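Data first, discussion second: the structure below is written as structure tokens.
The numbers here are math on the coordinates, done by the rules we state, and not lab data. Predicted model only: the values in this text are computed from it and were never measured. Methodologically, a virtual Cβ is constructed for each residue, glycine included, from the backbone with ideal geometry; neighbour enumeration extends over all protein chains shown.
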There are 4 protein chains.
Amino acid sequence: MAQEKYQSAIKKLHECMAACNHCFDSCLQEDNVKMMAGCIRLDRECADICSYLEQALVRNTPFVSELAQLCAEICLSCGDECKQHDHQHCQECAQACFECAEECKKIAS
Amino acid sequence: MAQEKYQSAIKKLHECMAACNHCFDSCLQEDNVKMMAGCIRLDRECADICSYLEQALVRNTPFVSELAQLCAEICLSCGDECKQHDHQHCQECAQACFECAEECKKIAS
Amino acid sequence: MAQEKYQSAIKKLHECMAACNHCFDSCLQEDNVKMMAGCIRLDRECADICSYLEQALVRNTPFVSELAQLCAEICLSCGDECKQHDHQHCQECAQACFECAEECKKIAS
Amino acid sequence: MAQEKYQSAIKKLHECMAACNHCFDSCLQEDNVKMMAGCIRLDRECADICSYLEQALVRNTPFVSELAQLCAEICLSCGDECKQHDHQHCQECAQACFECAEECKKIAS
């Protein structure tokens, strides 16, 4: 069952999707939204691909490796952007992104 | 934080999305796929709306009530179809759908 | 064939999805991003539900009426927000939203 | 504006998404559903990634090349499966997949 095989990745994808969406929502409420524009954009990109891969894994997609490689790359980009900002939601999002990227790389190889 | 407020719903949505996708994948591998056609169709409908609502909740969507009401309805339809089949993946999917519908109704009201 | 039956709605959903995503992208590049925060949020909500419904229609979903009703409501909210801003991308987005809402209402009833 | 830059790709992605979902729906109504199981599975994979990329392009995603490369690969897989079946919806889907893969390769490079 795909859900068990990819249990660890699914957990990290879910956490990353949630962290990115929380960061997206929080950035839009910051005083200096302009400074967060890159973060808002990448949060959406990353949340969407994590959500996508989560579903694809549990439906036993034949494209695990290709999707996971792409997802890892997007997670790293989002993490690199988020870690530059001091807000707690950005720092937490960066960590979730980097952990998710690690899991994605494992299942991509 | 939306993730905490909707913790219980997010958990059920995630479980339902996973159960529906597992059922989708398993139905496609059954001997009698024709008998499972309705189940395959509704599994996809239900997995997609659960995944959608999960993301919408954690990004603090302004449309919680409307989305949750719709999701509850789709979960009930999928559960009603799945419970008619004896396969373990169908029975488990039906249960996940009904539990998810309950949570959705709570946040819809 | 669902694609022909819903041809007019699919066209408007596609245009609305594109207009919302263009507005999302453009708002993030404005000088005063803070003023556009509500618009950015609703652009994403509206783009996502339009994209969702577009796919649901062409796969012959059993939930046309419920999904279209929800989509109409989200389009109206997004249009109401966008029309308050003078940027061309906001005005064009508002128009696309209102036209899409009209089509959604037709297929919802 | 991203929508103009990628006009040709967006058109093919939309046509492919629609063809895959129509094929998905039609396969589920065939007498011999079992023979179509692989087609049903790949139709969903391909429809979902085309829909995803369509949105990503119009929101000006920074990951055009990576997403388009992946989408091309999935389109080719789906096309290869569909072209083996004589149903009109399968043959039309195969053609839409191959045309979409060509456009994706162009924007991936």
- How big is the C-alpha Rg of chain D next to the rule-of-thumb value 2.2 N^0.38 Å, as a ratio? 1.04
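Within chain B, which DSSP H helices have Cα atoms that stretch 24 Å or more along the helix axis and a mean Kyte-Doolittle hydropathy of at least 0.5?
On the way: long enough: B:7-27 (30 Å, -0.07); B:37-58 (32 Å, 0.39); B:64-82 (26 Å, 0.75); B:88-108 (30 Å, -0.40).
Passing helices, by number: B:64-82.
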- Message: Given the C-alpha atoms of the protein assembly as shown, compute the convex hull and give its volume per residue in Å³.
- Response: 125
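How large is the helix-only mean residue ellipticity at 222 nm for the protein assembly as shown, computed as the sum of -39500 (n - 2.57) over DSSP H runs with n ≥ 4, divided by its residue count, in deg cm²/dmol to the nearest 500?
-27000 deg cm²/dmol
After finding the eigenvalues of the alpha carbon gyration tensor for the range B:56-109, what semi-axes result from the square roots of 5 times each, listed largest first in whole Å? Intermediate values should be presented prior to the final figure.
Numbers: eigenvalues 123, 18, 12 Å².
After diagonalising the Cα gyration tensor, the semi-axes are 25, 10, 8 Å.
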- Message: With 10 angstrom as the radius, rank D:10, D:40 by how many other C-beta atoms surround their C-beta, starting from the fewest.
- Response: D:10, D:40
